[in-house]
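Right, one structure below, let's go through it.
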Amino acid sequence: MASLSADLFYDILKRLDAAALARAGCACADFRAISSEEDLWENACTSLWPSTRRDDVRSLIVSVGGFRKFYADCFTLILNKDVPVVQTNETNPFAEEWAESDYYYYFDDVDELENSLPSDFVSLIDVWYKDRALYSKVILGIPNSDGANGWFYNCPFRVDLFHQSDDDNGNNNGEIFLSTITDLPSVPSMEQERKDGKLWRELNDGIKLSWIIVNRKMKRAVNLTSWHPLGGQRHWPTDTDFVLRFGSVLPAKEVLPCQVAECILLMKFRITGMGNEEAGEPSTLALMELSMQIEDMGGVHLNGRCSLLLLKEALSSHRSRNYDEVLESCNLYLKAQSELKEEKIRSECRFDTLCIVGGITIFAAICTMCYRKFENF
C-alpha cells in the first residue's frame, strides 16, 4: 500500500459509491485522507441523487457544508422513537386534543415564524425503479406561499409537484406528467392482477423515493422519505391506478400536543399499457402524482404555519442508517394512531349509548307523568 501513489488511491476511491467510500475511509490513514476530498463526495452524491447535478444545487450544497456533510445528513433517515403511548381509558390527557379534527393548529410565535420562511426551503426530489432514475425535480421555496400573512399559513399544507411549472424541472426530458416505467411484468388483465398482484408487488418492491429539504438559512438538510413504500392501495374507482405511501415520523414536542406528526409522501402511478407476455412486451406505468403533506396523530391535515415549524424541527432530528429501525418507528406510530382512532370510536359509541339511554329514560319519564296525569282525571 505504501508504494502506491495518491493518484492511484484517488482513482480507486472515485469508482466507489458513497457507502463504500465511507467504509474505505475507515480502512487506513491513506484512504482516510483521500476520502475526505469533496470531489469524491460530489461524484458519489450526484450518482445517487440526480437532482444534485444542477449548478445552482451544487452551489447550495457547498454553502451548507459540502457534499460529504450533505450525504451524512440525507442518506440517513429520520428516526423518532418518542411516540407517546395511547391509553385506552378515560385518564388519557391527550385523547381529546389528539382526536380533534375540526380545527387547525395555530402558532403565534412571530420570531419562530421569521426563522422558518417558505423561501428558505429547497426541495430535491428523486424517484428510482430498480436503481434506474425515473424522475428528478428541484423546487426553490415552497410553492404558493407568497405573503407573510397570506392564506398559506392558515390553510392545509400540501406540496404537489405536478401542479408546478416545469421551468425548474430536472432530468425528466420536459415531460412533467409522464415518466414511464418499462421494466415491469406484463398484465394479461386487471382481473388477473387483482388475483395474483404480480404487478403491485413489483412496483412496491422496486420503487424508491428521496425527498430532501434544505434550509438555506439554517444550513441543514434532511431526507423526509422512507426510501421504500410504507404501504399503498389501489386508487378506486379507477382500476388502473396504484398509490404508494412513503413518509417519516417528525418530532413535534414544541408544536403539537401529541408531540409527533407524520410527513406523508404520496405517489400515484397509472397503467398506460398492459403489455404482452407472449410478445415480450412489458407493462408500462406513468407517474401521475407526487405530493407531500403533514398530519398529526388524529389525522388532522396541518396548516402551513405549523408545517413550517415541523420541517424546521426535522432538520435537527435524530437520524439512523438502520432501515429496519426506522421502519419499526413508523410502524409504532401507525399502531399508536390506529389505537387512537379505535379509542375515539369507543368514546363515540359510549356517548351514543349514553344519549340513547338518556333519551329512553326521558321518554319513559314523560310517558309516566302523562299516564299519572290522565289517571288523576
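What is the gain in length, in nm to one decimal, between Glu328 and Asp82 on full extension, counting 0.36 nm per residue of separation less the C-alpha to C-alpha distance? Before the final figure, lay out the partial values.
Values: separation 246, 0.36 × 246 = 88.56 nm, distance 1.22 nm.
Using 0.36 nm per residue and subtracting the Cα-Cα distance, I get 87.3 nm.
Quick check: residue separation of Leu354 and Lys219 times 0.36 nm, minus the Cα distance between them. What number comes out in nm?
Values: separation 135, 0.36 × 135 = 48.60 nm, distance 5.51 nm.
Net length gain for the segment: 43.1 nm.
The simple spin-label model puts a point 7 Å past each Cα toward its Cβ; for Ser291 and Arg132 those points are separated by 2.9 nm. Set Lys and Arg Cβ to +1 and Asp and Glu Cβ to -1, take the dipole of region 280-333 about its Cα centre, and tell me which of Ala286, Met297, Leu308 lies farthest positive. Result: Leu308.
Computed about the Cα centre, the dipole magnitude for region 297-347 is approximately 240 debye when only Lys and Arg (+1) and Asp and Glu (-1) carry charge, each at its Cβ.
Per residue, the average separation of C-alpha pairs within less than 8 Å and at least 6 apart gives region 240-312 a relative contact order of 29 percent. In a shell of Cβ-Cβ distance under 10 Å around Phe152, excluding Phe152 itself, what net charge do Lys and Arg (+1) and Asp and Glu (-1) give? Spelling it out: positives minus negatives among the neighbours equals 0.
Stretched out fully, how many nm does the piece from Glu339 to Lys69 gain, at 0.36 nm a residue minus the Cα gap?
93.3 nm
Which lysines does Lys69 reach when only Cα atoms under 28 Å apart count, and residues fewer than 8 places away in its own chain are ignored? Here the lysines satisfying the reach criterion relative to Lys69 are Lys14, Lys81, Lys130, Lys137, Lys208, Lys217, Lys219, Lys253, Lys312.
When only Cα pairs below 8 angstrom with a gap of at least 6 residues are kept, region 198-270 shows a relative contact order of 23 percent. The modelled label-to-label distance between Arg372 and Asp56, using points 7 Å beyond Cα along the C-beta direction, is 8.2 nm. Modelled spin-label separation between Lys195 and Ser119, with each label point placed 7 Å from Cα along the Cα-to-Cβ direction: 6.0 nm. Placing +1 on the Cβ of every Lys and Arg and -1 on the Cβ of every Asp and Glu, with no other charges, gives region 218-363 a dipole of roughly 680 debye about its Cα centre.
Note on Asn154/Asp39: beta-carbon distance plugged into 1/(1 + (r/R0)^6) with R0 of 30 Å gives a FRET efficiency of 0.05.
Quick note: the coordinates plus some simple rules give every number you see, no bench work behind them. The structure displayed is predicted, hence computed values, not measured ones. As a convention, Cβ positions derive from the backbone with ideal geometry for all residues, glycine included, and neighbour counts pool all protein chains shown.
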